[in-house]
Each structure stands twice: as C-alpha cells, then as structure tokens.
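**Q** Structure incoming, see below.
The values are calculated or read from the model by the stated rules, or taken from the named source; none is laboratory data. Remember, it's a predicted structure, so these values are computed and weren't measured experimentally. Note: ideal-geometry Cβ built from the backbone for every residue, glycine included; neighbour counts use all protein chains shown.
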Amino acid sequence: MKEKNKRILGLQLPTDPRWVNLAEMALEDILTDHAYCEQKATTSCISLIQKYADKALLVERVAPVVTEEWSHFRLVLKELEKRGLKLGKQRKDEYVNKLHQFIRKRVSEEALFLDRLITFAMIEARSCERFRLLSLYVKEDELKRFYHKFMVSEAGHYQMFLELAEHYIGKEKTRVRWKECLDYEAQLVQALQPRADRMH
C-alpha cells in the first residue's frame, strides 16, 4: 500500500485503512464533509482564475475543473438525499488550514504562485488517496463505485496543478518544492491523525 501510494502520488505517509471502517460508521458526517470539500474546491479554483486571469493556459485548464467540482458537490448532495441523510454544518478543515501554512510569505510573486499550485496539488493528491481507500474497503459495492469516480477525478486534478507549475515555473523548481511539500504534509498528517468525520 505504502509503495503504491509513493509511486502514484508521492505521498510519504499513507492513511491507515482502518479509517474507512470508522468513516462507514459516520457516513452522514463524512458525506457532509465531502460535500463541503467539493464546494471549497469550486470556489478555490474560481479564485485562482481571478488571481491569474493573465495566464491563458491556467484559465483554460482550471475552468472546466470549476464545473466538475460543483457537479461533484451536487452528486454528494444527491447521495445524502438518497440515503435519507442530511447535509450538516460546515466544520473547520484543520488539514487544509495547516497545509496553507506551507505557502511562503514575503517571497517573489513567482514563488508565491508556485506554492499555491503545489498546495492545490497536495490537497487533490491526499483526497485521491482517501477516495481510493473508500473505493477499495467500504463494504457496500455501490459506495465503492461512488468513491472510485471521485478518486479518478482527483488524480487528474493533482496532475494538472503540477503540470501547470512545471509549465510556468519550470520542472526543477517544481520538483524541489513538491518534495518539500511532501515532507511537510507527511508531518502534518502524522500530527493530525485521520478523523472518522473528515475527508482530510
């Protein structure tokens, strides 16, 4: 499991598969958190486009993701409704908040841009890893198929953000900073520990 994660996503610390069992017991909570993750991904992509509207390739690549992430939000709402569950209140995303601390301050605009793209990629990579676990280990076949679709989508998003970073900043700088983010994120995940009611 660990080696496969490293090969596909580069993640240094895999999620304990037992997290899936806990998540299954708190399905309303995990679906609620998932829904808000998709909603925040939508608004984050919109903000990225607004901030870097002059970067034609970024706008071209990220614009369809806005539509996709919002459709994911609606899919999760539909899943909640189908199961007679309710969308709960949005909770603080401690993982994302702490990951944003990786973004450097008082640096060049290029370095700031790189860190933002790297952080976007990392969130998508960890989400992909969690969706993969759910698609493999939840007991219900329908839920396995549900989460497999999200896993495939997040993998594409993670790759896209890294490709954009390489395009605008260069491969070497991107790879060095990505490695630093992987190390930072591994320490973060170890300190937080996965929660049954959170995607991250």
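**Q** Within region 101-137, track down each residue that is small (G, A, S), surrounded by fewer than 20 Cβ atoms within 10 Å (Cβ to Cβ) and under 18 Å from L188 (Cβ atoms). Break it down into steps so the answer makes sense when it comes.
**A** Residues of region 101-137 small (G, A, S): 108, 111, 121, 125, 127, 135.
Imposing the further condition that a residue be surrounded by fewer than 20 Cβ atoms within 10 Å (Cβ to Cβ) reduces the set to 108, 111, 135.
Selection gives nothing.
**Q** Next question, about the same structure. May I ask you to verify whether R74 is among the basic types (K, R) and closer than 21 Å to R130 by Cβ?
**A** Criteria met by R74.
**Q** Further question: Need the failing condition index for M199 against (1) out of contact with any Leu (no Cβ under 8 Å at 6 or more places or on another chain); (2) at pLDDT below 95; (3) more than 30 Å from K78 (Cα to Cα), just the number.
**A** (3)
**Q** Restricting to region 61-82, count the residues that are of a type outside the set (A, V, I, L, M, F, W, C), surrounded by 12 or more Cβ atoms within 10 Å (Cβ to Cβ) and farther than 30 Å from A165 by Cβ.
**A** 1
Rundown of residues vs (1) among the small types (G, A, S); (2) touching a strand residue (DSSP E or B) at 6+ places or on another chain (Cβ under 8 Å); (3) outside any loop (DSSP other than H, G, I, E, B), yes/no style:
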{"residue": "V65", "(1), (2), (3)": "no, no, yes"}
{"residue": "R74", "(1), (2), (3)": "no, no, yes"}
{"residue": "L80", "(1), (2), (3)": "no, no, yes"}
{"residue": "L87", "(1), (2), (3)": "no, no, no"}
{"residue": "V107", "(1), (2), (3)": "no, no, no"}
{"residue": "S127", "(1), (2), (3)": "yes, no, yes"}
{"residue": "E142", "(1), (2), (3)": "no, no, yes"}
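**Q** Determine whether L117 is touching a residue at least 12 places away in the same chain (Cβ under 8 Å) and in contact with a Gly (Cβ under 9 Å, 6 or more places away or on another chain). Can you show your working first?
**A** Details: touching a residue at least 12 places away in the same chain (Cβ under 8 Å): yes; in contact with a Gly (Cβ under 9 Å, 6 or more places away or on another chain): no.
Spelling it out, it is not the case that L117 is touching a residue at least 12 places away in the same chain (Cβ under 8 Å) and in contact with a Gly (Cβ under 9 Å, 6 or more places away or on another chain).
**Q** If you go through region 45-89, how many residues are free of Cβ contacts under 8 Å to residues at least 40 places away in the same chain, in contact with a helix residue (DSSP H, G or I) (Cβ under 9 Å, 6 or more places away or on another chain) and of a type in the set (G, A, S)?
**A** 3
**Q** Another question, then. Can we say S135 is in contact (Cβ under 8 Å) with a residue 60 or more places away in the chain and out of contact with any Ser or Thr (no Cβ under 8 Å at 6 or more places or on another chain)?
**A** Numbers: in contact (Cβ under 8 Å) with a residue 60 or more places away in the chain: no; out of contact with any Ser or Thr (no Cβ under 8 Å at 6 or more places or on another chain): yes.
So S135 fails the test.
**Q** Oh, and also: How many of the residues making up region 169-183 are crowded, with 17+ Cβ neighbours inside 10 Å and over 17 Å from the mean Cα position of the chain (by Cα)? So that I can check it myself, show each step before the final result.
**A** The initial filter retains those residues of region 169-183 that are crowded, with 17+ Cβ neighbours inside 10 Å, namely 169, 174, 177-178, 181-182.
Filter once more, keeping what is over 17 Å from the mean Cα position of the chain (by Cα): 169, 174, 177.
Matching residues across region 169-183 total 3.
**Q** Then there's this: Among the residues that make up region 49-56, is at least one of them buried (at least 17 other Cβ atoms within 10 Å of the Cβ), under 18 Å from the mean Cα position of the chain (by Cα) and not hydrophobic (A, V, I, L, M, F, W, C)?
**A** No, there is no match, as no residue in region 49-56 is buried (at least 17 other Cβ atoms within 10 Å of the Cβ), under 18 Å from the mean Cα position of the chain (by Cα) and not hydrophobic (A, V, I, L, M, F, W, C).
Let's see how each residue does on (1) surrounded by 14 or more Cβ atoms within 10 Å (Cβ to Cβ); (2) among the acidic types (D, E); (3) out of contact with any helix residue (DSSP H, G or I) (no Cβ under 7 Å at 6 or more places or on another chain):
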| site | (1), (2), (3) |
| --- | --- |
| E140 | no, yes, yes |
| S153 | yes, no, no |
| Q159 | yes, no, yes |
| E185 | yes, yes, no |
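**Q** To continue, here is another question. Name every residue in region 32-54 that is assigned to a loop (DSSP other than H, G, I, E, B) and of a type in the set (F, W, Y), in order of residue number.
**A** Hit for region 32-54 is Y52, nothing else.
**Q** List the residue pairs whose Cβ atoms are under 6 Å apart, where the first residue sits in region 24-40 and is in contact (Cβ under 8 Å) with a residue 12 or more places away in the chain, the second is of a type in the set (F, W, Y) and in a helix (DSSP H, G or I), and the two are 6 or more positions apart or on different chains.
**A** What qualifies is A35/F73; E38/F73; Q39/F73.
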